[in-house]
Amino acid sequence: MAVTYDDVLTGVRAAIEHAASYPEAMLQAVNVLKEQMPDYSWVGIYMLEGEELILGPYRGKPSPHTHILLNQGICGAAASTKETIIVDDVDADARYLACSLETRSEIVVPIMRGADVLGEIDVDSDKKAAFGPADRDLLEAVATLLARKSGQP
Ligand code: SME
């Protein structure tokens with residue numbers, strides 16, 4: 001039987017809970033998502049430092065965008081608006097910063113602690129319109145789990 005979104009969330013939750021630290025939790029979350037979601041071609045987490053998003057753990061091809069300002073890209077837009085952004089066709093979005101030529105769609109989910117942006121989960125797909133409400137729910141749940149972990153000693 002195929003892995004369900006609930007199964008994936010259960011796996012990510014366990015990985016985050018067992019992680020010894022917040023950085024380790026981010027790494028494990030990225031690993032589980034990349035391994036279990038076939039349409040997720042690139043999975044990474046950016047951390048907000050001052051006015052800049054800095055690339056942390058990721059799986060997929062190396063990205064040229066390791067530092068992104070808040071007024072740049074889909075990533076900057078999601079951090080500025082503090083809202084999840086889904087782009088069905090990256091070629092049709094002028095904000096898009098290309099990471100890989102194969103990428104067709106993208107979702108960026110802010111990791112929030114209260115009103116503060118800690119960072120964001122960024123997922124690219126080689127398929128157009130790969131991300132729907134179930135992906136949004138999954139990744140927003142993962143973002144909540146990560147935010148909670150970040151506050152632990
Ligand atoms: N596409 C992103 C840049 C990051 S790479 O996809 C890894 C953006 O437009 O902000």
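The values are calculated or read from the model by the stated rules, or taken from the named source; none is laboratory data. Quantities reported herein were computed from a predicted structural model and do not represent experimental measurements. Positions of Cβ are generated from backbone atoms using ideal geometry, with glycine treated the same way; all protein chains shown enter the neighbour counts. Surface areas here come from the heavy atoms of the whole protein model, side chains and all, with no ligands, DNA or RNA. Shrake-Rupley method; radii C 1.70, N 1.55, O 1.52, S 1.80 Å.
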Given points 7 Å out from each Cα along the Cα-Cβ axis, report the A2 to E24 separation in nanometres with one decimal. 3.4 nm
Amide H proximity to L118 below 5 Å, modelled H, separation 5+ or other chain, gives I111, M112, R113
Which order do the peptides 12-21, 116-125 come out in when sorted by mean C-beta neighbours inside 10 angstrom, highest first? 116-125, 12-21
What accessible area per residue, rounded to a whole number of Å², is obtained for the chain using a probe radius of 1.4 Å? 49 Å²
Hey, quick one: spin label on D126, modelled 7 Å out along Cα-Cβ, who in segment 57-74 has an amide N within reach, i.e. under 12 Å? 61
Length gain on complete extension for the stretch A14 to L97, per 0.36 nm per residue less the alpha carbon to alpha carbon distance? 26.6 nm
At 1.4 Å probe size, with no ligands or nucleic acids counted, give the accessible surface of L27 in Å², nearest ten. 70 Å²
For the chain, one quarter of the surface area of the C-alpha convex hull, expressed in nm², comes to 8.5 nm²
Which order do the peptides 137-144, 73-80 come out in when sorted by mean C-beta neighbours inside 10 angstrom, highest first? 73-80, 137-144
Relative to the Cα centre, what is the charge dipole magnitude of the chain, using +1 at the beta carbon of each Lys and Arg, -1 at the beta carbon of each Asp and Glu, and rounding to the nearest 20 debye? 260 debye
For the chain, what % of the accessible area comes from carbon and sulfur atoms, probe 1.4 Å? 53 percent
Straight distance only, please: which lysines reach the Cα of K127 with their own Cα at less than 23 Å, same-chain residues fewer than 8 apart left out? K34, K61
How far, in nm, would the chain grow between I54 and D88 when pulled straight, counting 0.36 nm per residue and subtracting the alpha carbon separation? 9.8 nm
Take the alpha-carbon centre of segment 29-60, take the same for segment 79-108, and report the distance between them in whole Å. 14 Å
